[in-house]
Structures are given as structure tokens and as C-alpha cells.
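Notes follow once the structure below has been shown.
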Amino acid sequence: MTEKVPKPLIEVGGRPFLAYLLERFRYAGCDEVLLIIGHLGEQIIQRCGQEAFGMKLRYAWQFVQDGTAKALLLAEGFVGDEPFMLSWGDIVAAPENYPALWERYEKGDCAMVMQVNWMEDVSAGADVTLEGERVIDIVEKPPGPKPGWNQSGVFVISPKIFHYLKQVQPSPRGEYEFADAVKLMLQAGEKIVAVPVKGYRFELGTWEQLREIERNASLFAMETKTD
């Protein structure tokens, strides 16, 4: 799927997948985004430049694909001391989910708001254990099929996460996992809350998922569309 084109530039409904993600960030009130790029990242820079889809863009290269925790650490200088919105680059949800995360964070009682979605088998994702809205555990790719809440890939986070990202050790897969930074936050007593996704959520990871996205491309359009 991504041999010649990076995943964010795969066309859906005549537009790159990245366009829909950036429009949702803008809808949530963001005006500048840092894109962490790697495989074929030069194509993203050439296509999008310094501004695209209504957003100012900056870039950071992850030259070694050593995990999501290391990727996020590249954003520390960009983030500074402000809370920020984070999304994996292959996730798009209904627009209303993005401002909802900010609204929950702005209540001021937590260090992270995490979007979650229910799955009949969460073994390919990150299994999130909840008590009410509060996250009490997270396990990346748990063994065996099991139903559960999946970490959905969209967050609003306090900059204090960078302290924990620097403590993450390689997982059995040899990667530095974002989920392990979340676990460290929980162990330190940081409050993390979950907000279930409303409406649709699509992930672009397989050919089957791409076909599903293409069948539902009409859902993605927003009235403020820009190219």
C-alpha cells in the first residue's frame, strides 16, 4: 500500500488522507501542526509545503523507526509548555470528537484525555482498562483475542508527558512505545481520562480498511474544506 506513496498521501475521495485529519485539527481550534515524517516523507513536504488544508505546517524527521514514544519526543521543542493535540497519521474520526477532547481537558483535572473505541477484539490495538472515565491501565497489543476499549489514536495531552517519554525502555518488540509512557504516567499518579468516540472512526492500515474508507468517503467532507 505504501511502497510508492506515504500513507498520509493516499487518496480518498480525490483528496489525500492527511487533508481530512488536518481539517479536523483546525475544527478543534488548532492553527499549526508538526508532522513527524519518515518513510517517503519528502513527498509530504513537496505536496503540502509550509501551509496546506488551512493549517500551518512544520516537519520533524524520524530517521530511525524506533517507536511512537521516540516519535513524539521529536515534538518537545515545538510543543513547549502548552497542552497539545496528538493524532496518529492513519486515523480519522467524526469532526465533533476533536473539540470534545479539548473541552474535557480544559476542565483542568487531568494530564491527558484519550479517545477510545470499543472493539470485539482489541489484540491488534492498545487495550485500555477504565474505571468510569478514568484510565487505570493500558496494554499494547495484548495476547489473545479479547473485547475491550482500544486507545483510538487521538489525544489532548499536557507537556509533562515528555518527562515520562524519556523514561521509556524498549518493549519486547524492540520499540519505544507511547503506551509505556502512559503506563508510567499512571504509575506516578497522573490522571488520564477516556472519551469514547462518537459517530464514525476509520483507520488506514490495510487494503481492506482502505476499501472501507473509500466506500464511506462521503462522510469525511467538511463545509470548511480547503485544498
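What is the distance in Å between the Cα centroid of the stretch 55-110 and that of the stretch 176-198?
14 Å
From the phi angles alone, apply the Karplus equation (6.51, -1.76, 1.60; θ = phi - 60°) to the stretch 188-205 and give each ³J(HN,Hα) in whole Hz, x where the residue is Gly or Pro.
7, x, 5, 8, 10, 10, 10, 10, x, 5, 10, x, 8, 8, 10, 10, 9, x
For the stretch 93-225, what does the relative contact order come out to in percent, with C-alpha contacts under 8 Å and a separation of six or more? Show your work: numbers first, answer last.
Working: 204 pairs, mean separation 40.6, N = 133.
Dividing the mean separation by the residue count of the stretch 93-225 yields 31 percent.
Counting alpha carbon pairs within less than 8 Å and at least 6 residues apart, what relative contact order, in whole percent, applies to the stretch 7-218? Don't jump to the answer; show the numbers that get you there.
Details: 372 pairs, mean separation 50.5, N = 212.
Once divided by the residue count of the stretch 7-218, the mean separation gives 24 percent.
Using alpha carbon coordinates only, what is the Rg to Rh ratio of the chain, with Rh defined as the Kirkwood radius? Display every interim value, and only then the final one.
Values: Rg = 16.8 Å, Rh = 18.0 Å.
Rg/Rh for the chain comes to 0.93.
As a test of the formula, what do you get for the chain when each DSSP H run with n ≥ 4 contributes -39,500 (n - 2.57) and the sum is divided by the residue count, at 222 nm and rounded to the nearest 500 deg cm²/dmol? Don't jump to the answer; show the numbers that get you there.
On the way: 8 runs with 62 residues, N = 227.
The helix contribution divided over the chain gives -7000 deg cm²/dmol.
Can you tell me the dipole magnitude for the stretch 7-218 around its Cα centre, using point charges on the Cβ only (Lys, Arg +1; Asp, Glu -1), in Debye to the nearest 20?
Working: 22 positive and 30 negative charges, 29 e Å.
Here the stretch 7-218 has a charge dipole of around 140 debye.
Sort 53-61, 87-95 by packing, meaning the average of other beta carbons within 10 Å per residue, with the highest value first.
Per-residue Cβ counts within 10 Å, averaged per peptide and sorted highest first, yield 87-95, 53-61.
Out of A28, I45, V5, whose Cα points farthest toward the positive end of the dipole of the stretch 1-53 (charges: +1 Lys, Arg; -1 Asp, Glu; placed on Cβ)?
Towards the positive end, the residue furthest out is V5.
Over 21 Å between Cα atoms: which of K107/K191; K56/K183; K56/K160; K56/K198 fall into that group?
Values: K107/K191 12 Å; K56/K183 32 Å; K56/K160 24 Å; K56/K198 27 Å.
Over 21 Å Cα-Cα: K56/K183; K56/K160; K56/K198.
What percent do you get for the relative contact order of the stretch 110-179 when only Cα pairs under 8 Å and 6+ apart count?
Values: 111 pairs, mean separation 25.1, N = 70.
Once divided by the residue count of the stretch 110-179, the mean separation gives 36 percent.
Using amide H atoms built 1.01 Å from N in the peptide plane, name the residues 5+ places from G153, or on other chains, whose amide H lies under 5 Å from its own.
Q115
Coordinate-derived values only; no laboratory data. Everything numeric in this text was worked out from a predicted model, so none of it was measured. For neighbour counting, all protein chains shown are included, and Cβ atoms are generated from backbone atoms with ideal geometry for every residue, glycine included.
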